[in-house]
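To keep things clear, I will list the structure first and then write my remarks on it.
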Amino acid sequence: MAKKDKVEATTEEVVDNAVDTGAGETEFTGEQGAPESISLVDLDRIAQIIDLASSRGAFRGNELAFVGNLYNKLFNFLSTVKAQQEANAETEGEESPQETAGE
């Protein structure tokens, strides 16, 4: 039981010391600061880890439904965000020439 408590404390310390470097990368520092957010790149990497772990047999049969549901939610979320970003990029691309022509 003491070992479990030690692992949880260590995990909390690592999470507290995480700093986003801006390019979807996370850097761990010795300082405690504001809570860290998760970027879309991080979420995509989580989906890749789930897929890889599943292909290597890391999950038991009774866990597969839970893992699969979580993966599907994550995949659908990332797909929706990607589609929104592409739509925004197309909209911005259409607006830019009009703004330039009006000036």
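The values are calculated or read from the model by the stated rules, or taken from the named source; none is laboratory data. Since the model is a prediction, treat every value here as computed from it, not as a measurement.
What to note about this one:
- Apart from one condition, Val14 fits all of (1) at pLDDT 55 or above; (2) more than 30 Å from Gln85 (Cα to Cα); the exception is (1).
- Single condition Thr80 does not satisfy, out of (1) β-branched (Val, Ile, Thr); (2) at pLDDT below 90; (3) in a helix (DSSP H, G or I): (2)
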